[in-house]
1. Could you identify which residue out of V151, V206, V142 has the top mean-square fluctuation in a GNM of the chain using Cα springs shorter than 10 Å?
2. State the volume of the convex hull built on the alpha-carbon positions of the chain, expressed per residue in Å³ and rounded to an integer.
3. With n ≥ 4 as the cut-off for DSSP H runs, can you work out [θ] at 222 nm for the chain, using -39500 (n - 2.57) per run divided by the number of residues, rounded to the nearest 500?
4. Using a Gaussian network model on the chain with a 10 Å cutoff between Cα atoms, which of N52, N193, N165 fluctuates the most?
5. What's the tally of Lys pairs in the range 40-188 whose alpha-carbon atoms lie under 29 angstrom apart, where the two lysines are 8 or more places apart or on different chains?
6. Can you check what the Kirkwood hydrodynamic radius comes to for the range 21-95, Cα pairs only, in Å to one decimal?
7. When only C-alpha pairs under 8 Å and at least 6 residues apart count, what is the relative contact order of the chain, in percent?
8. Can you tell me the 0 to 90 degree angle between the C-alpha axis of helix 95-104 and the longest principal axis of the chain, rounded to 10?
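The values are calculated or read from the model by the stated rules, or taken from the named source; none is laboratory data. Bear in mind the structure is a predicted one, so any value in this text is a computation, not a measurement. No Cβ is skipped: glycine too gets one built from the backbone with ideal geometry, and neighbour counts run over all protein chains shown. Just the protein is used for accessible areas: all its heavy atoms, side chains included, with ligands, DNA and RNA removed. Shrake-Rupley method; radii C 1.70, N 1.55, O 1.52, S 1.80 Å.
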Amino acid sequence: MRKNFASGAVFDWDGVIVDSSAAHKRSWEILAAEKNLFLPENHFRLGFGRRNEEIIPHVLGWSSDPEEIRALSERKEEIFRKIIREDGLEPLPGARRLLEDLKQQNIPCAVGSSTERANIDLALEIMDLHSNFSGIISKECVAAGKPSPDVFLQAAQTLGLPPENIVVFEDSLAGIEAGIAGGFKVVAVATTNPADLLRRTRAHCVVNRLTEVSVGLISALLRS
């Protein structure tokens, strides 16, 4: 990186650093069975990237009562954490190597995600990645979820850098929109959506996996 050019990276969590979709899907199924609730067809795809507080009333149609929604959400995440404790979790291909390369170059990284903090902390412990992140902005930190840029803007603050000096890594359409709205350079990762679809967004770069990303690519994006 150019001398005196401070740069950073902010990573979405699910679909970028880890693929925990199977565990999340199972946790919804277990919760539905516990509570004798109906799971609509394609519910997981329709709710992907959205908060439980939106999924439960608007995708699943389970409740509109705030207290009941909160209780269902908390139970769902308890089930999820039990699953990953028992089954383990691995970072997606290229994630660990990229994070280590950034750490060696003294380029700070943060998480900017709609995931609950307890989920992220447990996953970081399981994968031994805590030391790779200087800040974690999770669901609890912001009032508005993506496509609002709030989560990324707060992550930038934890790094002490302006958005124009940061690359955001995202897999969801709402997250890409949030990064663009916040003034970041955005790398779209085709783990959840096909690359052809992501190329039709305003993302500055599209990759299939983080194995395709280098410190040099990040530097080039920030200087373009």
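1. Judging by the Gaussian network model, the answer is V142.
2. Values: hull volume 24.7 nm³, N = 224.
Given the Cα convex hull of the chain, per-residue volume reads 110 Å³.
3. Details: 9 runs with 95 residues, N = 224.
Theoretical 222 nm ellipticity from helices: -12500 deg cm²/dmol.
4. N193
5. The result is 9.
6. Numbers: mean 1/r = 0.0771 Å⁻¹.
For the range 21-95, the Kirkwood estimate is 13.0 Å.
7. Details: 367 pairs, mean separation 53.9, N = 224.
About 24 percent, as a whole number.
8. Helix 95-104 and the main axis of the chain meet at about 40 degrees.
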